[in-house]
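All of the numbers you see were taken from the coordinates with simple rules; none came from a lab. None of these values were measured; they are calculated from a predicted model. As a convention, Cβ positions derive from the backbone with ideal geometry for all residues, glycine included, and neighbour counts pool all protein chains shown.
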Amino acid sequence: MSITKKIISISVSLTTAVWLSGAAMLVPMAQAATIDELQAQINALLAQIQLLQTQLGSAQGQQTSSFSFTKDLTLGSKGDDVKALQNLLISANKGSAAAALAAVGATSFFGNLTKAALAEYQAAAGVSPAAGYFGPKTRAYVASLGGTTTGGTTTGGTTTGGTTTSASGLALALASDNPAATTIPSGVTGSNFLKFTVSGKGTLSSLSFKRNGLGATTDFVSSGLYLYDGAARLTSGRSLNSTTHEISFLNLALAIDGTKTLSLVADIATSSVATAGAYHYFTLVSAAGDPTPTGTLTSNVFTIGSAAVGTVTATSGVAPSNPKVGQAASLVAEFKLAANSTEDITISRVSLTEGGSITNSNLTNLVLKQSGNTVATASVIGAKDLATLVLTTPFLLEKGQERTFQLFADIAGSTRTSDTVVFYFDSKADIIATGKTYGYAVTVDISGLDATSDGDTLTIAGGDLTITLNGPVAGDLAIRAQDAVLYDFTLVSKNNVEIRNLRFNASTTGTIALYNDFKIWDTANNAVITSAQNIATGSSSKTFTDIINLTAGVSRRFKATADVDSTNTADGTIVIRLLAFESNDIKNLDNNTYVATSVIVPNSIIVGNVQTAKAPTLDVQLAASPTSQTYVQGVNGVDLTGFSFRAISDDIKISSIKVTATSSVLTITTGEVQSLGLYDGATLVSSLKSLDTDLTVTFDNLNLTVVKGATKVLTLRGNISANATDTDVYYFYIAGANSTYLTVYDKDGNSATITGSAANSGPTVSHTITTAGNVSVAIAADDTESEAGIVVAGTESVLAKFRFTSTNEEMTVNKLQLLVVETNSATATSTASADEAPTIKLYEGSTQIGATAGYTVTASGDNAGTVYIQDLGWKVTKNGSKVLTVKGVLNTISGGADTGANVYASVMAAGFEAQGSSAKDTTITAATGNQKLVYKTNPTIAQPSAASTKLTVGQIPVLTFAITANSQEQVAWKQIQFKISMTAATMTAVNAVPASTGSALILRDVTTATNLNIASGFSSASAVTGEQTTITGGNTGYVSVLLNSEQVIAAGQTKNYQLQLTFSDISSTVGAASVVAQIHRGEVAVVGSGTVSGIRSGLGNATDASPSFVWSDYSNVSHTESTADWNNGMFVKNLPSSIITISN
């Protein structure tokens, strides 16, 4: 049978299995065995399909590795090179080991499966010895396979940067940033499942994808799948076919010339619909275009978690006024976004659909504002009537907050009167909002604004001639200003017309209010188009008889300006009004008649905003930054004081600033602070100067302009001399807001007024001098990797994380002594042992620092356990912190590590040295990390999920959980305990001594679809007693299970288990009854390296139900239940587990 036929055959089997599993999910949970068997079949079929698809790709073109292998790989290796090797072995598919590796996937860890698959590959390739070691011979063979690869997979074309470019036609390939496999919360909107490239030249017509995995189409929102081209949505929302699980995007007509990156985006149903634990991935089933596209696409696996994301809700705001033909910056929509109480949310993109009758090209220059601040812009409305607005900076909506957004746009002069404008959200995916707690796109609720009927329909107003006031807003006019804008307006005509009379009224206040050279400008070309007139104090009317022509359908914008006389009274005002046109003011050039006043909109007085005459002024204040600091002798480029300058009524030019220095403690001298300069941000805007003998410094010949209404902050910076006096306290200030200390002008060169304060004369900001910086250390507060727990022998593992903090200046840590011993002590002794970790390595985040080979732990003598580190060169910024990660390269058990041994890592007080700008810090207080226990392997218990959706009478699945063995060695477990809390229902007492199925208790191996044989089962109100009693409503109890024989989990493998319990007396009120369950851990101290009976302190004793968990690391080569390699549950990851709840 051909590979293609095999794929089709297996796909049919898979579709059937998925259909059957979906049907099985609808029947009572007693049929769990059938579901588990089907799931196992599905997983096997999926792995087979992936292998066969790879083989099919290989048949079409030579498959080579895109990764440049540069180093040897063996058991225990980790990283991207291991992942690339695993992908190569999976795609080569040389035998059963490769198939087993494919079922697990590329994990980036070189374990026994990888070793076996590599040996198969080497044997098939003739590489000897075929020992499963990836060395020079195998690297050379892989490199010899050919293909031009610089990233991605070569399949007959040339691969560049991970994107396959076909020699001809259209080629589909996964994008280099295709989303990785992950667990996503329910309710996520706009989750990117698949990112891929289309390369070549042609037209892409359609794409069809299929949902795969153990899940249902109902896990996705109806009409909740989309295709995107970057930020632009190409399609409306589509739904998965409930039978075929397929989705098609037709009639794309997408032109390709080069490479486009597309994304398959989906909305996940809320937690009340989506099934926690379900998993999904998508495969491309067909693609059409001209030429026909080639290539295969398979997304990574996405699992739905038990967490639920927050929600952002969109609703309509206050309806804007109807805009006019030709109106600029018209408010066309207002909407509100609200975050629920689950998490803070950031908004990064909104795409509004325009559903009115207006032609899209007549709406341009779209601007989205929040509280008057521009947050996003778009030049035009794009395809699908979408105005896509990408926020420059994501907007933060704190939980519980609601914020109003406004959309502005220019209305073209060619717009028809009575055209309508209405904006709404067509799709949930049109709001890109990310939760701050989980980091995923939140649920989007647009039900209040998802149709034109929900939005505000605006009707374009206008007549044969339409007038629109554009501004300016109420503001200040600088006295002595020339050509100050008093009025701004737009005229649009349906016909070609000439305006023969343009009438204005000006009204002023103030004793003297003279505005000269009043005239009209064409704003587009900034040209004067009328004669000039003068405006006197009081009220006066002005008529311009200059001919003004308007072309039909073309907006023309004008402004009225005047010079503000120097004698004008400060705070006097002026208001300009455009008076109504009269019957012979406008002539229609198309028919040689006068335009009737009845068709002019509006034909009434249009009042401008109040403008107030102000003297050009510079306001001086102390800036918020910098604050008071402590500086070390000899440090350069420090911030001393910030000065804030605000321009009022005009642009203000600053030509000189005089600053004074003084001290509040001891005495400052002229040489203690040097190279003083003024900086605008990082830019020096003055020359560098020293203090004069009077402790002042004048910065002259400045060329600084503060724009009208704006504020500029200048920072005084300088160098602290190495001879500066210890404990001196300095401050710098402008002694007065007057012309003695500042020289300022308006934009026309006239002296400007200075107001404000003697900035920092208080002083508010002062600086203390000290001799050296200081470094301190503590356990990293947010550390989870090095929390008290288990480390596995033979691996490189985190032993501790320490947070180093530098005060007063940046410090470079050069010398450091660590201690790695079995006791909670930071002092070396001759009895300390270093058997477990003979070498340590240092990391900052994921980057190794210091010696690449690591540092040797002293093995014996008075300083046993000490690690000597020199020439580290690790910098900690001033008043900042960095975390140093200490990893141990652990011995194997056979190499000397003792199973169950304690390991503590400490920063010692001795041997420390950190260098500042001019002095060293050689003292530090010791800090000790958390306890670590060394075992040959360890189990990890995954957080459980609810196994039923409803609490019912009888025996039902309660929770499902998984236990994974570390890849170093298999693990065994013998006993486990669950904590059960009942509300308005009763849990039946368990009875399973011994049996695989008790009268009220089943513990099931989901992986093999068999029930475990239970030696003893207990249900009790106490975690340490062994009664077999009921747990009634309102009470909490414990269910303990001791197995007849140990459960063994192979190295690197996972087993899934399911707990089934029996319930009765369930309340008839819906939602009133519930069971809350979790995997319990009652141990508070380590009991390890014992036999099962020793750990349990009384095997088979019906009064002893503790400890909560009993497991073995198989460190004894003759392992049995009687060997001393068993341990209790202390430090086992995820014990106690999170809780699950099932209600009625």
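Dividing the mean sequence gap of close Cα pairs (under 8 Å, 6+ apart) by how many residues the chain holds gives a relative contact order of 6 percent.
Along the axis of the charge dipole computed for the chain (Cβ charges of +1 for Lys and Arg, -1 for Asp and Glu, origin at the Cα centre), the listed residues Ala759, Thr1120, Leu284 are led at the positive end by Leu284. Using the structure shown, select from Lys974/Lys1055; Lys658/Lys920; Lys260/Lys336; Lys936/Lys1055; Lys542/Lys587; Lys979/Lys1055 the pairs with a Cα to Cα distance greater than 26 angstrom. As for pairs spanning more than 26 Å Cα to Cα, those are Lys658/Lys920; Lys260/Lys336. For the pair the stretch 944-979 and the stretch 543-595, the centres of their Cα atoms are 82 angstrom apart.
Within the shell defined by Cβ-Cβ distances under 9 Å, the residues around Ser917 carry a net charge of -2, with Lys and Arg each +1 and Asp and Glu each -1.
With both bridge residues required to lie in the chain, what share of the DSSP beta bridges run antiparallel, to the nearest 5%? DSSP beta bridges in the chain are roughly 90 percent antiparallel.
Taking Cα centre as origin and charging only the Cβ of basic (Lys, Arg, +1) and acidic (Asp, Glu, -1) residues, the dipole magnitude of the stretch 719-814 rounds to 300 debye.
Treating r as the C-beta distance of Val610 and Thr755 and R0 as 22 Å, the FRET efficiency rounds to 0.50. Taking Cα centroids, how far is the stretch 465-506 from the stretch 815-859 in Å? Here the two parts' Cα centres lie 78 Å apart. In summary, the lysines within cross-link reach of Lys436, defined as a Cα separation below 16 angstrom excluding same-chain residues under 8 places away, comprise Lys399. Give the angle, between 0 and 90 degrees and rounded to the nearest 10, that separates the Cα long axis of helix 32-60 from the longest principal axis of the Cα atoms of the chain. Helix 32-60 sits at roughly 70 degrees to that axis.
Take the Cβ atoms of Ala124 and Glu398, set R0 to 51 Å, and the FRET efficiency comes out at 0.30.
Between the helical axis of 3-24 and the longest alpha-carbon principal axis of the chain there is an angle of about 90 degrees. Among Asp1125, Asp456, Asp700, a tally of other beta-carbon atoms within 10 Å of each Cβ gives an order, fewest to most, of Asp700, Asp456, Asp1125. A Förster radius of 30 Å combined with the Cβ-Cβ distance from Ser846 to Val104 puts the calculated FRET efficiency at roughly 0.80. Protection proxy ranking for 532-543, 403-414, 187-198, 862-873, using the average of other Cβ atoms within 10 Å per residue and placing the highest first: 187-198, 403-414, 862-873, 532-543. Bridgeable lysines around Lys384 (alpha carbons under 18 Å apart, same-chain partners fewer than 8 residues away excluded): Lys428.
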